[in-house]
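Heads up, the thing below is written out as structure tokens.
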2 protein chains.
Amino acid sequence: MNLHEQMQQIGKQAREAAKVLARARSNLKNEALEAIAQALEQQHEQLLAANAKDLEAGKTKGLDSALLDRLALNESRIAGMIEGLRQIIALPDPIGEISNLKYRPSGIQVGKMRVPLGVVGIIYESRPNVTADAAALCLKSGNATILRGGSEVIHSNQAIASCIQAGLTAVGLPSTAVQVIETTDRAAVGKLIRMSKYVDVIIPRGGKGLIERVTDEARVPVIKHLHGICHTYIDDKANIEKAIAVAYNAKTQRYGTCNTMETLLVAEGIAAEVLPPLAEKYQAAGVELRGCPATKALLNNIKTVTNEDWETEYLAPILSIRIVADLEAAMAHISEYSSQHTESIITEDWSSARRFLNEVDSSSVMVNASTRFADGFEYGLGAEIGISTDKIHARGPVGLEGLTSQKFIVLGDGHIRE
Amino acid sequence: MNLHEQMQQIGKQAREAAKVLARARSNLKNEALEAIAQALEQQHEQLLAANAKDLEAGKTKGLDSALLDRLALNESRIAGMIEGLRQIIALPDPIGEISNLKYRPSGIQVGKMRVPLGVVGIIYESRPNVTADAAALCLKSGNATILRGGSEVIHSNQAIASCIQAGLTAVGLPSTAVQVIETTDRAAVGKLIRMSKYVDVIIPRGGKGLIERVTDEARVPVIKHLHGICHTYIDDKANIEKAIAVAYNAKTQRYGTCNTMETLLVAEGIAAEVLPPLAEKYQAAGVELRGCPATKALLNNIKTVTNEDWETEYLAPILSIRIVADLEAAMAHISEYSSQHTESIITEDWSSARRFLNEVDSSSVMVNASTRFADGFEYGLGAEIGISTDKIHARGPVGLEGLTSQKFIVLGDGHIRE
């Protein structure tokens, strides 16, 4: 079989498995997840051995140590995967939920029923735990999955996949409900994202290069997460203590995440009061500050911010700071530079909070809270398959519900249209 | 300005206008819609004159009379457009609705706020009333619109657009909130569907050729409506009277609509009882019947159905009929041939109804009701911009809500992530 035929076969199998999954009872899906968790427990030595092969190959290829660390599995990371599966078991099943069933003047009842999307293709880089996470979320939401991981963890992914398939067959579900593409041929991705007959949505998880390639070439709808250039705006009516606590947390609680603040905007009326003590805290934590001229006039020893900084997702202990005239100017800056991921205002002023909530066009908009809260667990979604910066279908953290759709149902008793 | 620059300018203007519309109060949007309705009333003579030009050109080009009829405006069709606008005024404004605002264990409140999509591009063929309908639905849901109609009604569309722009400016909204592409250069469509910086979603309305071209070339998400190959299945536990009434209505109430039944499936246990009287009614109405061998054994003077028939949207008084063993066989036929638009089961049997509702994967699934009900007005959406056969974002009739998205909002009081 050539690559095209292989991919078509994977697609057909996924489409068939999706029909079985769509009508699988919750109990059965949960039993499959538990069986997968147990297989991961039992086969943890095989997982570590497969991962060791990948790490060895990575070292030979000269991958840097930060990347190798991301690729590595160990007992605690395997335990984390298993814990993740059990959390998904505990989530309510979204499938079949009927909402808004109402009588219409004609006498028919019309409502919506939540249904799976069908076949979800996930293309991801590096961390092998995504294999288990993504498969579990798709399984719980009644979707078949086609996974394509990075070539640098191919052995780890195959070992995890074999646990998943063992769990599926143990409860009588088709093993093709979760398929891992085994070839490392890059052309397989090109095929996958164009098989609109067999794939209902593609979720790319990875760097900007991957996501741009997928968006550009896909003929299947894409739920994408580009990047997070998140802003915090300290309004001139902010409470100083809250402002310092929240702005410090938004930058320093973790540097490498997409919901980390990259730019701090400060109203000029409060800058002299809030910036010096805040800057001291940042600098004590080793955060490099880059400021606009007005910021530099208030703070010593900081770099000058450039236009490029406003557009940069640092994912590092670096923060851009701009002093702005007022709320209007802050929202204009956000509108120009934000990646529409997450923005927060710190204020005690009712009407500024209300305007910020209504007018800022990002997937999460916050008042007096750290941008670091923008996350599926913190939002109560249970787990997330990604954070969408799209506007269509799902915005923000995408959990089980984001992997579903709603069809209309109509109940009558011989009703005809006049 | 070349075409590329023209389209970029239209895009930029739409993006700017979208910001104003997103925060426009309901009252203002309704006043604009009323002003548009009045402009259409006042300028009805100009509309008719512009339309006469299009019809004249159409005749010269040799367009057939059915098409010319679809393109034609008259007093009653203009009144219909105006009535449509007033119905949209009466609908509740979806924008700003906050749902599911709940406290999380961390102390933050998390909910969702309904927001416009931003800029909607609509590409449509023939009927000029779409210009007013589509612009009104987008305006009410806070979206800016870029409209590209068929070249055969360009004068009519421009006349309607000038009424829309008069209405917008009368209430102080930017006239660029609704823009009609004036060039008939086909390359303009290619530009529009690739301007992901300025366009958030594309809705193509028209024939299969248009929709396939748009889907294939777009770099912007598409909400598409392909075609309607709708099925009615008469179960062996059907009530004969209801079955005859519903199946007759689903085919004959209107022939040219996408929710018209194209294939009738009948359980073999009930075929001899239900098909002869039903066929008599169809034949009296002039419907040509095409049957499988088992159907032909029951009915006289009907054609033999071919595999191609199962895949054909007739939009005409033609019906394919197949006798199937049971529910399972009916659902297998639907799964193979349906366009996933609308399917209905006629049965008094609880468990068959339940299985059909759960397992049939179409945008509308019905029990004991005519497929002709699959429509935004009948469902209570007020009006529809189309019927989506996609699974992502919106399935089935797309009304105001389908033109919106939801962002997360987070309310705290100095909350930080531990």
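The values are calculated or read from the model by the stated rules, or taken from the named source; none is laboratory data. Given the structure is predicted, the values throughout are model-derived calculations rather than measurements. Neighbour counts are summed over all protein chains in view; Cβ atoms, including those assigned to glycine, are modelled from backbone coordinates with ideal geometry.
How about the range A:201-237: which of its residues are under 30 Å from A:Leu275 (Cβ atoms) and modelled with pLDDT of 90 or more?
The answer is A:Gly228, A:Ile229, A:Cys230, A:His231, A:Thr232, A:Tyr233, A:Ile234, A:Asp235, A:Asp236, A:Lys237.
For the range B:46-150, please list each of the strands (runs of 3 or more DSSP E) lying entirely inside it that holds at least 1 residues being touching a strand residue (DSSP E or B) at 6+ places or on another chain (Cβ under 7 Å) and surrounded by 18 or more Cβ atoms within 10 Å (Cβ to Cβ). Explain how you work it out, then say what you get.
On the way: elements: B:98-103, B:109-116, B:119-124, B:144-148.
Ranges flagged: B:109-116, B:119-124, B:144-148.
Tally time: how many residues in the range B:242-272 are closer than 16 Å to B:Asp349 by Cβ and of a type outside the set (Val, Ile, Thr)? Steps first, please.
So in the range B:242-272, the residues closer than 16 Å to B:Asp349 by Cβ come out as B:242-243, B:246, B:265-270.
From what's left, of a type outside the set (Val, Ile, Thr): B:242-243, B:265, B:267-269.
Adding up the residues that qualify gives 6.
I'd like the full set of residues that are within 11 Å of another protein chain (Cβ to nearest Cβ) and among the charged types (D, E, K, R), limited to the range B:335-350.
If the condition is that a residue be within 11 Å of another protein chain (Cβ to nearest Cβ) and among the charged types (D, E, K, R), then B:Glu343, B:Glu348 are the ones that fit.
List pairs: first residue in the range B:108-122 and polar (S, T, N, Q), second residue surrounded by fewer than 23 Cβ atoms within 10 Å (Cβ to Cβ) anywhere in the structure, Cβ distance under 6 angstrom, at least six positions apart or on different chains.
B:Gln109/B:Leu101; B:Gln109/B:Tyr103; B:Gln109/B:Leu411
On the given criteria, is A:Gly172 farther than 21 Å from A:Ile193 by Cβ, modelled with pLDDT of 95 or more and of a type outside the set (Asp, Glu)? Write out each step before concluding.
Numbers: farther than 21 Å from A:Ile193 by Cβ: yes; modelled with pLDDT of 95 or more: yes; of a type outside the set (Asp, Glu): yes.
It is true that A:Gly172 is farther than 21 Å from A:Ile193 by Cβ, modelled with pLDDT of 95 or more and of a type outside the set (Asp, Glu).
Return the residues of the range A:351-392 that are more than 10 Å from chain B (Cβ to nearest Cβ), farther than 19 Å from B:Ser106 by Cβ and modelled with pLDDT under 90; say none if nothing qualifies.
Correct list: A:Ile385, A:Gly386, A:Thr389.
Can you tell me which residue within the range B:61-101, out of those that are without any contact (Cβ under 8 Å) to a residue 60 or more places away in the chain and among the basic types (Lys, Arg), is farthest from B:Gln42 (Cα to Cα)?
Filtering first and then ranking leaves B:Arg70.
Can you find, within the range A:187-212, the residue that is farthest from the other protein chains (Cβ to nearest Cβ) among those that are in a helix (DSSP H, G or I) and in contact (Cβ under 8 Å) with a residue 24 or more places away in the chain? Outline the logic, then answer.
First, the residues of the range A:187-212 that are in a helix (DSSP H, G or I): A:187-192, A:208-212.
Remaining after also requiring in contact (Cβ under 8 Å) with a residue 24 or more places away in the chain: A:187-192, A:210.
Numbers: A:Ala187: 19, A:Ala188: 21, A:Val189: 17, A:Gly190: 15, A:Lys191: 16, A:Leu192: 16, A:Leu210: 16 Å.
Only one residue fits best here, namely A:Ala188.
Within the range A:228-268, can you find the residues that are over 17 Å from A:Pro317 (Cα atoms), more than 11 Å from every other protein chain (Cβ to nearest Cβ) and assigned to a loop (DSSP other than H, G, I, E, B)?
Selection gives A:Asp235, A:Asp236, A:Lys237.
Can you tell me which residues in the range A:205-250 are out of contact with any helix residue (DSSP H, G or I) (no Cβ under 7 Å at 6 or more places or on another chain) and over 30 Å from B:Lys224 (Cα atoms)?
Selection gives A:Asn239, A:Glu241, A:Lys242, A:Ala245, A:Val246.
So which of A:Ala18, A:Ala37, A:Ala32 ends up being touching a residue at least 12 places away in the same chain (Cβ under 8 Å), within 26 Å of the chain's Cα centre (by Cα) and closer than 23 Å to B:Met331 by Cα?
Values: A:Ala37 fails: closer than 23 Å to B:Met331 by Cα; A:Ala32 fails: closer than 23 Å to B:Met331 by Cα.
Criteria check complete, one pass: A:Ala18.
Mind checking whether some residue in the range B:154-172 is within 30 Å of A:Gly380 (Cβ to Cβ) and touching a residue at least 12 places away in the same chain (Cβ under 8 Å)? Before the answer, list the steps.
Restricting attention to the range B:154-172, the residues satisfying the condition of being within 30 Å of A:Gly380 (Cβ to Cβ) are none.
No, the range B:154-172 contains no residue that is within 30 Å of A:Gly380 (Cβ to Cβ) and touching a residue at least 12 places away in the same chain (Cβ under 8 Å).
Which one of the conditions (1) small (Gly, Ala, Ser); (2) under 16 Å from B:Ile36 (Cα atoms); (3) at pLDDT below 95 does B:Ala166 fail to meet, given that it meets all the rest?
If we test B:Ala166 against (1) small (Gly, Ala, Ser); (2) under 16 Å from B:Ile36 (Cα atoms); (3) at pLDDT below 95, just (3) comes out false.
Just one of (1) under 18 Å from A:Val398 (Cα atoms); (2) assigned to a loop (DSSP other than H, G, I, E, B) trips up A:Gly172, so point out which.
So the condition that A:Gly172 fails would be (1).
Out of curiosity, is B:Asp309 of a type in the set (Asp, Glu), away from every other protein chain (no Cβ under 14 Å) and either in contact with a helix residue (DSSP H, G or I) (Cβ under 9 Å, 6 or more places away or on another chain) or under 27 Å from A:Arg395 (Cβ atoms) (or both)? Working first, answer last.
Details: of a type in the set (Asp, Glu): yes; away from every other protein chain (no Cβ under 14 Å): yes; either in contact with a helix residue (DSSP H, G or I) (Cβ under 9 Å, 6 or more places away or on another chain) or under 27 Å from A:Arg395 (Cβ atoms) (or both): no.
Criteria not met by B:Asp309.
Please verify whether the range B:42-51 includes one or more residues that are within 24 Å of B:Gly256 (Cβ to Cβ) and either in contact (Cβ under 8 Å) with a residue 40 or more places away in the chain or under 23 Å from the mean Cα position of the chain (by Cα) (or both).
Start the filter on the range B:42-51 by keeping residues that are within 24 Å of B:Gly256 (Cβ to Cβ), which leaves B:51.
After this cut, where a residue has to be either in contact (Cβ under 8 Å) with a residue 40 or more places away in the chain or under 23 Å from the mean Cα position of the chain (by Cα) (or both) as well, the list is B:51.
Yes, the range B:42-51 has at least one match.
Restricting to the range B:92-119, count the residues that are among the charged types (D, E, K, R) and at the interface with chain A (Cβ under 9 Å from one of its Cβ atoms).
Keep residues of the range B:92-119 that are among the charged types (D, E, K, R), which gives B:93, B:97, B:102, B:104, B:112, B:114.
Keeping just the survivors that are at the interface with chain A (Cβ under 9 Å from one of its Cβ atoms) gives B:102, B:104, B:112.
Of the residues in that region, 3 qualify.
Exactly one of (1) under 18 Å from A:Asp326 (Cβ atoms); (2) in contact with a strand residue (DSSP E or B) (Cβ under 6 Å, 6 or more places away or on another chain); (3) of a type outside the set (Val, Ile, Thr) is unmet by A:Glu288. Its number?
The failed condition is (1).
So, in the range A:213-227, of the ones that are part of a loop (DSSP other than H, G, I, E, B) and in contact (Cβ under 8 Å) with a residue 40 or more places away in the chain, which residue ends up nearest to the chain's Cα centre (by Cα)?
Looking only at the range A:213-227, we keep the residues that are part of a loop (DSSP other than H, G, I, E, B), and these are A:218-221, A:223-227.
This time we only want the ones that are in contact (Cβ under 8 Å) with a residue 40 or more places away in the chain, so: A:220-221, A:223-227.
Working: A:Val220: 19, A:Pro221: 16, A:Ile223: 10, A:Lys224: 8, A:His225: 7, A:Leu226: 10, A:His227: 10 Å.
Result: A:His225.
Being free of Cβ contacts under 8 Å to residues at least 60 places away in the same chain, aromatic (Phe, Trp, Tyr) and buried (at least 18 other Cβ atoms within 10 Å of the Cβ) narrows it down to one residue among A:Tyr233, A:Tyr282; which is it? Please lay out each step first, then the result.
On the way: A:Tyr233 fails: free of Cβ contacts under 8 Å to residues at least 60 places away in the same chain.
After ruling out the rest, the residue left standing is A:Tyr282.
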